[in-house]
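The values are calculated or read from the model by the stated rules, or taken from the named source; none is laboratory data. Nothing here was measured: the structure is a model prediction, and the numbers come from that model. Positions of Cβ are generated from backbone atoms using ideal geometry, with glycine treated the same way; all protein chains shown enter the neighbour counts. Heavy atoms of the whole protein, side chains included, go into the accessibility calculation; ligands, DNA and RNA do not. Shrake-Rupley method; radii C 1.70, N 1.55, O 1.52, S 1.80 Å.
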Amino acid sequence: MFAIGKYVAGRFAAMCLTLFLIVTVSFFVIRLMPGSVYEDPELPQSVIEALEDKMHLNDPLIKQYYYYLKGVVLDGDFGISVSIEPSVPVFKILTRRIPISLCINLASLILALPLGIAAGTLAAMKKNKLPDHVVSFLVVICISLPSFVFASLLQYFVAFKLGWLPIIYSPTAQTMEKAVSLVLPVLALSFWPIATVARYLRGELIETVNSEFMLLARTKGLSRVQAIVRHAFRNSCLPLANIIIPMFTNILGGSLVIEKIFSVPGVGGLMIDAINARDHALTIAVLIFYSIISLLTIFIVDISYGIIDPRVRMGAKK
Amino acid sequence: MPQSLFEPAGGESLSANPFHTKPVGFFKDAFLRLKKNRASVISLGVILLIGFLAIFAPGFNEHGFNDQQPDWVNLPPRIPGLEKLGIADGGRVLTNRRTSDLNDTEKYPEGSVLEVTNRKTINGVEVADVKVNYYMMIGAEDQYFWMGTDYLGRDLFTRLFVGARISLVIAFLSVLINILIGVVYGAIAGYYGGKVDMVMMRIAEVIGSVPNIAIVTMFILFFGTGMLSVVLALVIQGWISAAQLIRAQFYRFKGREYVLAARTLGVRDATLIFRHILPNSIGPIITTAMISIPSAIFSESFLAYIGLGIKAPLVSIGVLLSDAQKTLLQLPYQTFFPAVLISALMIAFNMFANGLRDAFDPARRGEE
């Protein structure tokens with residue numbers, strides 16, 4: 001038990017160190033970019049100076065960095081947005097936008113799991129028969145096509161031509177309509193995870209089916225389907241969990257573009273806007289958000305490996 | 001016992017039968033297997049076709065990829081020959097036009113109206129959706145833009161294939177650099193092992209643990225958009241998987257007897273690495289390179305979408321797609337052609353890579 005605690009603590013420390021590095025590098029990279037944040041010629045010089053004083057922009061960079069870190073760590077203060085939503089704290093913008101992004105990402109993952117598992121199991125059970133070929137073909141297509149191509153297809157045909165679903169997100173609508181307008185972004189995001197899960201599970205199951213405990217299960221009198229569902233499938237579930245967690249980071253990356261296409265007011269569109277509007281405080285905060293999510297997924301996978309497979313833990317010790 | 005007492009059992013003909021067929025080498029063997037895989041052959045055909053078009057197609061018509069023609073903005077596709085069949089005939093549907101204007105030759109020149117549908121009355125005015133030959137309507141009957149033009153009147157056919165050219169160059173270049181760095185890095189780490197290996201792999205691990213979006217965004221923000229910085233942004237983390245692959249291969253082969261034999265004969269480290277061990281990994285290297293190309297193409301378009309792609313006059317498939325996205329509902333053809341091209345490229349490269357892997361390593365056939 002003690003060893004596990006030590007291992008977890010070690011991974012956690014490594015994660016924090018990486019996060020700190022990212023914050024530092026992104027702070028300096030973004031602050032060193034040319035051009036002041038306050039370039040508006042309309043602003044009187046005195047106001048600019050007052051603003052720069054307030055933001056410590058006239059201090060040396062290292063001091064600014066100190067103030068920034070202090071604000072982030074002590075008060076959760078990521079600075080103030082200057083051009084996207086002027087003078088609104090960045091933290092407030094993020095807390096408003098993160099839930100909707102997480103919502104569509106989780107939804108597409110949850111949608112993808114049963115479909116991917118079903119497709120993968122079907123392909124493995126009917127190996128080298130028609131269902132397998134159909135699934136494998138669809139998997140190649142879904143893995144190859146970029147999510148924004150799917151998004152364009154869905155938006156044009158399902159929403160515009162057929163009129164079944166709203167073309168873009170409707171921010172003013174009621175809760176129910178809002179949810180309906182999120183169906184297409186979720187769908188566009190879920191093709192890739194469905195295909196990935198199906199492909200992985202198919203390979204995993206085909207390998208398991210040939211193992212000896214499956215033979216035992218069959219000799220006990222279980223049918224092929226029973227044996228696969230009760231024994232082989234369970235065996236493949238654990239490794240599956242470890243590809244699903246990192247997939248979340250990937251979906252989150254894809255949703256950068258998807259949110260833009262469907263005008264969803266999530267973090268993805270925010271990052272694009274912040275970069276283009278040179279809203280530095282916001283850009284750094286969004287980068288930190290993405291980094292935390294992706295580091296967390298790596299952390300969870302590491303830990304679960306360490307708990308399931310003691311060899312990983314021992315390896316870390318020496 | 002004296003040797004003379006022994007005599008060969010088979011009489012005089014002791015020599016084995018000579019081989020009548022030529023020996024089949026590693027690459028020939030792989031090639032033979034690849035040829036049998038129909039999907040890979042078709043994919044290779046598609047890749048070669050797109051490659052050919054990317055090199056030569058921009059010269060097929062007289063329009064340059066950056067020639068702005070303000071008179072011919074947003075023209076739909078029109079292809080001679082096909083237009084008689086009603087495909088790519090330069091037709092465009094204008095919605096809710098007054099039906100009373102239909103006979104006005106000022107607005108609709110003779111023969112430009114192709115179809116009138118969906119007649120209805122709005123606020124007492126009779127309107128209809130009119131499908132017109134847009135080329136005739138704006139007085140450009142003698143022009144043929146095979147894939148139409150964009151919002152600045154630039155020929156989309158030329159732009160598409162110039163874009164494909166640049167996307168492919170970016171993909172190939174970044175993958176090549178990744179493989180080069182990966183081979184050298186992985187070879188050194190794998191060959192020397194021990195402390196060297198541990199330090200080198202820790203460094204790779206730290207670089208790899210930074211989220212891709214964060215590192216690429218910061219890199220491009222710092223070095224500015226442009227072709228070179230996009231290529232380098234794809235390299236920052238891209239080389240790590242190649243390095244890990246090569247390292248694993250070295251761990252597999254460096255303990256073999258033939259390596260020991262070569263070392264006993266006094267062969268230098270560098271020769272051992274590159275001449276004796278590395279050739280074992282040539283199959284996995286080629287396969288990895290092929291698999292990385294579609295993901296590099298994807299990353300490039302992805303960057304273009306979030307506004308960190310290559311800079312304006314240059315164009316790539318991603319830039320075309322993200323430009324066209326804004327007018328998807330009004331001018332779907334602008335999205336259609338780049339979307340088809342990028343899909344074809346990605347599917348073809350993925351299928352070809354699968355075929356290559358099966359050909360180089362038949363034991364893993366069917367695995368994904």
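Values for this structure:
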quantity	calculated
Identity of the residue in segment A:249-276, under 30 Å from residue A:208 (Cα atoms) and open to solvent by 30 Å² or more (accessible area, probe 1.4 Å), that ends up farthest from the other protein chains (Cβ to nearest Cβ)	A:250
Residues (buried (at least 21 other Cβ atoms within 10 Å of the Cβ) and more than 10 Å from every other protein chain (Cβ to nearest Cβ)) located in segment B:320-340	B:320, B:334, B:337
Which listed residue is more than 30 Å from residue A:27 (Cβ to Cβ), within 14 Å of another protein chain (Cβ to nearest Cβ) and buried (at least 18 other Cβ atoms within 10 Å of the Cβ), from A:101, A:144	A:144
Flag for residue B:299 being more than 11 Å from chain A (Cβ to nearest Cβ), within 13 Å of the chain's Cα centre (by Cα), polar (S, T, N, Q) and buried (at least 22 other Cβ atoms within 10 Å of the Cβ)	no
Residue within segment A:180-197 that is over 21 Å from the mean Cα position of the chain (by Cα) and closer than 30 Å to residue A:158 by Cα present	yes
Some residue of segment A:177-185 being touching a helix residue (DSSP H, G or I) at 6+ places or on another chain (Cβ under 8 Å), part of a helix (DSSP H, G or I) and surrounded by 16 or more Cβ atoms within 10 Å (Cβ to Cβ)	yes
Tabulated pairs, segment B:204-215, first at the interface with chain A (Cβ under 9 Å from one of its Cβ atoms), second open to solvent by less than 20 Å² (accessible area, probe 1.4 Å) and aromatic (Phe, Trp, Tyr), C-beta under 6 angstrom, 6+ apart or interchain	B:211/A:290; B:213/A:290; B:214/A:290
Test result for residue A:236, outside any helix (DSSP H, G or I) and modelled with pLDDT under 85	no
Among residues of segment A:118-136, those that are open to solvent by 40 Å² or more (accessible area, probe 1.4 Å) and within 21 Å of residue A:247 (Cα to Cα), counted	1
Members of segment A:277-298 found to be part of a helix (DSSP H, G or I), buried (at least 19 other Cβ atoms within 10 Å of the Cβ) and more than 10 Å from chain B (Cβ to nearest Cβ), listed by number	A:281, A:282, A:285
Any hit, segment B:111-133, residues being open to solvent by less than 10 Å² (accessible area, probe 1.4 Å) and under 30 Å from residue B:250 (Cα atoms)	no
Cross-chain or 6+ apart pairs with Cβ under 6 Å, segment A:155-170 first and in the same structural domain as residue A:265 (by TED's automatic domain parsing), then among the β-branched types (Val, Ile, Thr) and open to solvent by less than 40 Å² (accessible area, probe 1.4 Å)	A:164/A:158; A:165/A:158; A:169/A:264
Residue within segment B:175-196 that is within 13 Å of another protein chain (Cβ to nearest Cβ), within 17 Å of the chain's Cα centre (by Cα), within 24 Å of residue B:287 (Cβ to Cβ) and assigned to a helix (DSSP H, G or I) present	no
Selection within segment A:186-214 - acidic (Asp, Glu) and crowded, with 18+ Cβ neighbours inside 10 Å	A:204
Filter result for residue B:202 (assigned by TED's automatic domain parsing to the domain that holds residue B:236 and either open to solvent by 10 Å² or more (accessible area, probe 1.4 Å) or of a type in the set (S, T, N, Q) (or both))	yes
Number of the exception - residue A:171 against (1) more than 22 Å from the chain's Cα centre (by Cα); (2) in a helix (DSSP H, G or I); (3) more than 9 Å from chain B (Cβ to nearest Cβ)	(2)
Failed criterion for residue B:174 (all others in (1) more than 28 Å from residue A:294 (Cα to Cα); (2) buried (at least 20 other Cβ atoms within 10 Å of the Cβ) hold)	(1)
Filter result for the condition that a residue is surrounded by fewer than 17 Cβ atoms within 10 Å (Cβ to Cβ), out of contact with any Ser or Thr (no Cβ under 7 Å at 6 or more places or on another chain) and not assigned by TED's automatic domain parsing to the domain that holds residue B:330, over B:192, B:151	B:151
Selection from segment A:70-92 of residues that are out of contact with any Phe, Trp or Tyr (no Cβ under 9 Å at 6 or more places or on another chain), of a type outside the set (S, T, N, Q) and buried (at least 19 other Cβ atoms within 10 Å of the Cβ)	A:80
